[in-house]
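First the structure, in the form of C-alpha cells, and then the observations on it.
Please treat every number below as a calculation from the coordinates, not as lab data. Every value quoted in this text rests on a predicted model; they were computed, and no experiment measured them. Using ideal geometry, Cβ is built from the backbone for each residue, glycine included, and neighbour counts are taken over all protein chains shown.
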C-alpha cells in the first residue's frame with residue numbers, strides 16, 4: 001500500500017518514479033553516486049603516456065560518462081519531473097538517516113570532480129516506514145505524516161478484483177474476509193494487502209471455487225510468513241473461515 005501510493009502519484013501526474021530501496025548497511029555512495037572504477041581503469045590503459053600528461057584526459061577520467069548515478073542524484077537532476085520514493089527508511093541506520101536529511105533539506109549535492117548539482121524545484125518525495133525503529137524528530141518534522149491502515153472489507157474486495165481480475169468475486173470476498181479475521185489474531189506478522197492478493201491468486205491457480213479447511217490449510221504459506229503463526233491458525237481454522 002505505501003509503495004503503491006508513490007506509484008499512483010507518479011502515474012497521476014505523469015512523473016518519473018525513482019525508487020531508493022533502503023536496507024541495513026546502505027551508505028551515501030549507494031544512494032547518491034559512484035565512479036565506475038572498472039571502466040575508468042580500462043580507459044586509462046588505452047591512453048598513451050603522453051596522453052596521460054594532458055589535463056583533458058584526466059578530466060575525462062572523472063567525467064560524466066564514468067559517473068554512476070544512484071537514485072538520490074537522479075532525483076535531484078530530475079527535479080519536479082520526478083517522484084522520489086525512499087522505501088523502508090527505518091531499515092537504514094541513524095547515520096544514513098542524517099545524510100538523507102541533509103540532502104533532502106537542500107536538494108543539492110557537490111561532486112568534487114564535477115561541481116555542485118542542484119534542482120530549482122524539488123521532486124515529490126515519499127518516505128515509507130514499517131516502524132521497525134523510530135525515525136528521528138528532525139526528519140519527521142519535515143514530513144507530512146499519513147498513516148495507511150488496513151482497508152475495510154469492501155475496499156479490500158475491490159482491490160483484489162482490480163489487481164487480480166481473474167479471481168472470482170465470491171472467492172475474492174472469502175479471501176478478504178479470512179484475511180480480516182487473521183488480522184484480529186495475535187500474530188507475529190499480520191498479513192497486508194499484498195498477502196491477500198497472493199492468497200487469492202494461489203487459490204484461483206489451484207482451481208478452488210470456495211475456501212474450505214483443506215485448501216485454506218494447504219495455502220497458508222501464501223498469507224502467513226511465520227511458522228508459529230501458521231501453527232496457531234491451523235489450530236483455530238474456524239476463526240478464519242468460519
To the nearest 0.05, the calculated FRET efficiency linking residue 170 and residue 4 through their beta-carbon distance, R0 being 25 Å, is 0.50
What percentage of all Cα-Cα pairs in segment 153-241 are separated by more than 24 Å? 10 percent
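Share of Cα-Cα pairs in the chain beyond 27 Å, in percent?
54 percent
Starting from the Cα-Cα distance between residue 238 and residue 34, subtract it from 0.36 nm times their residue separation and give me the gain in nm to one decimal.
So the chain would gain 68.0 nm between residue 238 and residue 34.
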Relative to the chain, whose Cα atoms define the longest principal axis, helix 153-163 and its Cα axis are tilted in degrees, nearest 10, by 60 degrees
Difference of contour (0.36 nm per residue) and Cα-Cα distance, residue 146 to residue 163: 3.8 nm
C-alpha center-to-center spacing [segment 85-140, segment 152-226] in angstrom: 36 Å
In nanometres, what is the gap between the two model label sites at residue 101 and residue 41, each 7 Å from Cα along Cα-to-Cβ? 3.8 nm
Mean projected area, convex hull of alpha-carbon positions in segment 93-160, reported to one decimal in nm², is 7.5 nm²
Using a Förster distance of 51 angstrom, determine the FRET efficiency expected from the C-beta separation of residue 108 and residue 189, and round it to 0.05. 0.80
Per q in 0.12, 0.20, 0.21 1/Å, what log10 I(q)/I(0) does a Debye calculation on the alpha-carbon atoms of segment 95-213 return? -0.66, -1.05, -1.12
For 199, 35, which order do you get if you count the other beta carbons within 10 Å of each Cβ and list the fewest first? 35, 199
Residue span residue 67 to residue 226: 0.36 nm per residue of separation minus Cα-Cα distance leaves a gain in nm of 53.0 nm
